[in-house]
Amino acid sequence: MGSQLAFLFPGQGSQSKGMLDPFAGEAVVAATLQEASDALGYDMAALIRDDTEGKLDRTEYTQPALLTASIAMLRVWQQRSGAAATQVAGHSLGEYSALVAAGAIEFSDAVKLVAFRGKAMTEAVPAGVGLMAAILGLDDAVVEELCGNSSTASEKVWAANYNCPGQLVVAGHAAAVERLMDAAKGAGAKRALPLAVSAPSHTPLMQPAAEAMRERLAGIEIKSPACPVWSNADASPKQSAAEIREALVAQLVSPVRWTQTVQKLAAAGIAQAVEIGPNKVLAGLVKRIERDMTVANTNTVEQIEAAVQALSAQA
């Protein structure tokens, strides 16, 4: 099974100021940053390097910045003759990086799309109305039941990110999320902590953003991907442009089924993966979902070269 390889792309929360500093000498990274700047009309290199105005943690800037960093790292991987993926998946925003990697969406289109997506998500729910929280140490079924118990007719909370066993992110109306955090602690959760995210992503409250994305996607060329792209919304691989369009709309109002996606990748014969993008959040999650799947990281040129070498030795 040496030839089976998955690329995994991180989502919001993996960004950090200076995340491309280790690639300062790479021409392909500079070119990627320039491409993003040209598409968006602001200096992406300065945003990622300096972030003088604290924009990097604002959703409409986080999303294109993270996509740009991931694709820059992917291009370094390709330049170093890294193996091609047979399957790709991304966590939330990372699904767009996966689509670029599979050749389904052009990078310049994707970077504009995710800037629009970030803005649409921010505008879908007024500031202060929504909240997201991570619940650690409870079974998914317990948290799902608590969501039902903590919701009322006008204030609801839903499971939003199935990250790994014992880690489920919930989102919804702030008051309902607060109730759920209290209930989770009462049920024996190790931790129940609010996240520094403005929009209650991956819940029905994102319906206005989903409609805006549907409209926006209609004007974007989507090609059939070179390999299957796994969808967050239903943890299944998509191989046609029509399926991809639907999946990207559904993604905004559906939970991220990351646990299931990784389990299904393992069942499909994936034992090796590369997390392409900043940080190593997904490598940590995969370790808790499928212990036997190995995940290489790509945060520096050295890490990329070591992973390329290790994989070619196994091929």
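The values are calculated or read from the model by the stated rules, or taken from the named source; none is laboratory data. The model shown is predicted, which means the values in this text are computed figures rather than measured ones. Using ideal geometry, Cβ is built from the backbone for each residue, glycine included, and neighbour counts are taken over all protein chains shown. Heads up: the accessible areas ignore ligands, DNA and RNA and are worked out on the full protein's heavy atoms, side chains in. Shrake-Rupley method; radii C 1.70, N 1.55, O 1.52, S 1.80 Å.
Before moving on, here are some points about what is shown:
- Between segment 261-315 and segment 24-55, the C-alpha centres lie 26 angstrom from each other.
- Each of the peptides 148-157, 255-264, 103-112, 27-36 was scored by the mean count of other Cβ atoms within 10 Å over its residues; in descending order, highest first, they stand as 255-264, 103-112, 27-36, 148-157.
- Net charge of neighbours whose Cβ lies under 13 Å from the Cβ of Leu33, counting Lys and Arg as +1 and Asp and Glu as -1: -4
- In order through segment 243-254: 3J(HN,Hα) via Karplus (6.51 cos²θ - 1.76 cosθ + 1.60), integer Hz, x for Gly, Pro: 4, 5, 4, 4, 5, 6, 6, 4, 4, 5, 10, 10
- Cross-linked pairs Lys17/Lys223; Lys156/Lys280; Lys55/Lys185; Lys17/Lys185; Lys238/Lys280: Cα-Cα separations exceed 30 Å for Lys17/Lys223; Lys156/Lys280; Lys55/Lys185; Lys17/Lys185.
- log₁₀ of I(q)/I(0) at q = 0.12, 0.17, 0.18, 0.31 Å⁻¹ - segment 184-242, Debye sum with one point per alpha carbon: -0.53, -0.84, -0.89, -1.16
- Order by protection proxy (mean Cβ within 10 Å, highest first), peptides 41-50, 130-139, 71-80: 71-80, 130-139, 41-50
- Overall dimensions of segment 52-157 as given by Cα atoms, namely Rg and Dmax in Å: 17.9, 55
- Proportion of all alpha-carbon pairs of segment 146-234 beyond 15 Å (%): 68
- Selection from Ala134, Ala120, Gly166, by position along the positive dipole direction of the chain (Cβ): Gly166
- Span from the segment 78-125 Cα centroid across to the segment 131-149 one, whole angstrom: 28
- Low-density loop cleavage sites - GluC sites (Glu not before Pro) in segment 197-238, where at most 10 other Cβ are within 10 Å (DSSP): Glu221
- What segment 172-255 shows is 44 Å² of accessible area per residue, with the surface traced by a 1.4 Å probe over protein heavy atoms.
- The share of accessible area on the chain that comes from carbon and sulfur is 50 percent, using a 1.4 angstrom probe.
- Relative protection proxy for 293-303, 243-253, from highest mean packing down: 243-253, 293-303 (other beta-carbon atoms within 10 angstrom).
- Where the Cα pairs of segment 1-94 fall when distances are cut into 5 Å bins, in %: 3, 13, 24, 23, 19, 10, 5, 2, 1, 0
- Total charge dipole magnitude, the chain, about the Cα centre, Cβ charges on Lys, Arg, Asp, Glu only, Debye to nearest 20: 440
- Among beta bridges that DSSP assigns inside the chain, antiparallel share in %, nearest 5: 55
- Shape summary of segment 108-176, radius of gyration then Dmax from alpha carbon positions: 14.4, 44 Å.
- The overall shape of segment 167-315, judged from the alpha-carbon gyration tensor, is oblate: a/c is not under 1.5, and a/b is no greater than b/c.
- Evaluated over segment 53-98, the Cα radius of gyration and Dmax, each in Å: 12.5, 39
- The angle separating the long axis of helix 301-314 from the principal Cα axis of greatest extent in the chain is about 80 degrees.
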